[in-house]
1. Is it true that residue 183 is in contact (Cβ under 8 Å) with a residue 40 or more places away in the chain, over 27 Å from residue 312 (Cα atoms) and over 21 Å from the mean Cα position of the chain (by Cα)?
2. For the stretch 300-336, name all the residues that are loosely packed, with under 12 Cβ neighbours inside 10 Å and outside any loop (DSSP other than H, G, I, E, B).
3. Any residue that is away from ligand 1 (no atom under 12 Å from the Cβ), buried (at least 21 other Cβ atoms within 10 Å of the Cβ) and under 29 Å from residue 2 (Cβ atoms) - is there at least one of those in the stretch 108-119?
4. Is at least one residue of the stretch 78-87 modelled with pLDDT of 95 or more, farther than 19 Å from residue 45 by Cβ, touching a strand residue (DSSP E or B) at 6+ places or on another chain (Cβ under 8 Å) and surrounded by fewer than 19 Cβ atoms within 10 Å (Cβ to Cβ)?
5. Do we find that residue 201 is away from ligand 2 (no atom under 16 Å from the Cβ), over 21 Å from residue 12 (Cβ atoms) and out of contact with any strand residue (DSSP E or B) (no Cβ under 7 Å at 6 or more places or on another chain) in this structure?
6. Within the stretch 211-226, identify whether any single residue is within 25 Å of residue 320 (Cα to Cα), more than 13 Å from ligand 1 (Cβ to nearest atom), at pLDDT below 95 and under 18 Å from the mean Cα position of the chain (by Cα), and answer yes or no.
7. How about the stretch 118-130: which of its residues are within 12 Å of ligand 2 (Cβ to nearest atom) and either within 24 Å of residue 64 (Cα to Cα) or without any contact (Cβ under 8 Å) to a residue 12 or more places away in the chain (or both)?
8. Over 12 Å from residue 4 (Cβ atoms) and without any contact (Cβ under 8 Å) to a residue 12 or more places away in the chain: does that describe residue 251?
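The values are calculated or read from the model by the stated rules, or taken from the named source; none is laboratory data. Since the model is a prediction, treat every value here as computed from it, not as a measurement. Cβ: placed from backbone, ideal geometry, glycine included. Neighbour counts: every protein chain shown.
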Ligand SMILES: C[S@@+](CC[C@H](N)C(=O)[O-])C[C@H]1O[C@@H](n2cnc3c(N)ncnc32)[C@H](O)[C@@H]1O
Ligand code: SF4
């Protein structure tokens, strides 16, 4: 089995299919002007499918398509068609802001998509507009219900919680999910990228999120799916569904992290908070064989020592953390 320097296997691959996005979420990519990756540098679907096939041969079982906004690539279903039948792939998921989902759902499901995560940080239309700068909540709700009507399951909804901005949306979102059979995943606000002006004062911890929900709808902890999922899951004691919290800041899960990432321009990145990528596209476009590419990927993984979130927590605890000191790749390039 392929393991890294800290004995962690590679099990998940997150592929950013584009760095472009139709939203400008304040916590992710708030900038109107940004130096977007040149179109010819973006991986083609053939290149992505080749990488995915080799990654699955190396041990990857789950693939998530993300971005940027993956549905900004109009023909994404053609990629799903190539990935869904991969032998050995147990799970193929799409993470989307949902705005274009209703109009694409038929093509996506026909191509083999069975599961989707949709980001929605509030049910208040005005606030939604402020947080995403360009988003229309109604379009996203349409997308969510179109996914449900198409039979995708489970449908997970993601919300980043930002203190003073949408912490009062936690319970309404929980109630929306309980009423409609969606699984809510709250995400601690992370200092990803360099553009969101993260400070620890904006953070609402997992402990607080769980306390708020538990006080109204008692919860029982289930734990992490397969022991290594980012989310710690809880079921409602009354049996009406489950929620999860992704606590990358206050409860880092680096020791069980099995995730590799491919940026939209074909760099392999071994940590969400990394500032380096390994140029696998240059290898592919330079004519590397499958065996050479697999070796290239395996060698990167073998040398992996990342444990950024654990180090950040140590620094936060000793009041010695300055997010600006560490340049990171933007989340839109490497995929959340
Ligand atoms: C980068 S987005 C890409 C996919 C798609 N555009 C979407 O919004 O779902 C993937 C996930 O990252 C989350 N995310 C973005 N910035 C974040 C931050 N600063 N802290 C925590 N999660 C963040 C988003 O909420 C989303 O659930
Ligand atoms: S979170 Fe998703 S929708 Fe929002 S700016 Fe980032 S990539 Fe776009």
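1. On the way: in contact (Cβ under 8 Å) with a residue 40 or more places away in the chain: yes; over 27 Å from residue 312 (Cα atoms): yes; over 21 Å from the mean Cα position of the chain (by Cα): no.
No.
2. Taking the stretch 300-336 first, the residues loosely packed, with under 12 Cβ neighbours inside 10 Å are 303, 305, 317-320, 322, 324-325, 327.
Across the stretch 300-336, the qualifying residues are 317, 324, 325.
3. yes
4. Of the stretch 78-87, the ones modelled with pLDDT of 95 or more are 78-87.
Next, only the ones that are farther than 19 Å from residue 45 by Cβ stay: none.
There is no residue in the stretch 78-87 that is modelled with pLDDT of 95 or more, farther than 19 Å from residue 45 by Cβ, touching a strand residue (DSSP E or B) at 6+ places or on another chain (Cβ under 8 Å) and surrounded by fewer than 19 Cβ atoms within 10 Å (Cβ to Cβ).
5. Details: away from ligand 2 (no atom under 16 Å from the Cβ): yes; over 21 Å from residue 12 (Cβ atoms): yes; out of contact with any strand residue (DSSP E or B) (no Cβ under 7 Å at 6 or more places or on another chain): yes.
The answer is yes for residue 201.
6. In the first step, residues of the stretch 211-226 are kept if they are within 25 Å of residue 320 (Cα to Cα); the result is none.
There is no residue in the stretch 211-226 that is within 25 Å of residue 320 (Cα to Cα), more than 13 Å from ligand 1 (Cβ to nearest atom), at pLDDT below 95 and under 18 Å from the mean Cα position of the chain (by Cα).
7. As a first pass, look at the stretch 118-130 and keep what is within 12 Å of ligand 2 (Cβ to nearest atom): 118-121, 128.
Within the stretch 118-130, 118, 119, 120, 121 qualify.
8. Working: over 12 Å from residue 4 (Cβ atoms): yes; without any contact (Cβ under 8 Å) to a residue 12 or more places away in the chain: no.
So residue 251 does not fit the description; no.
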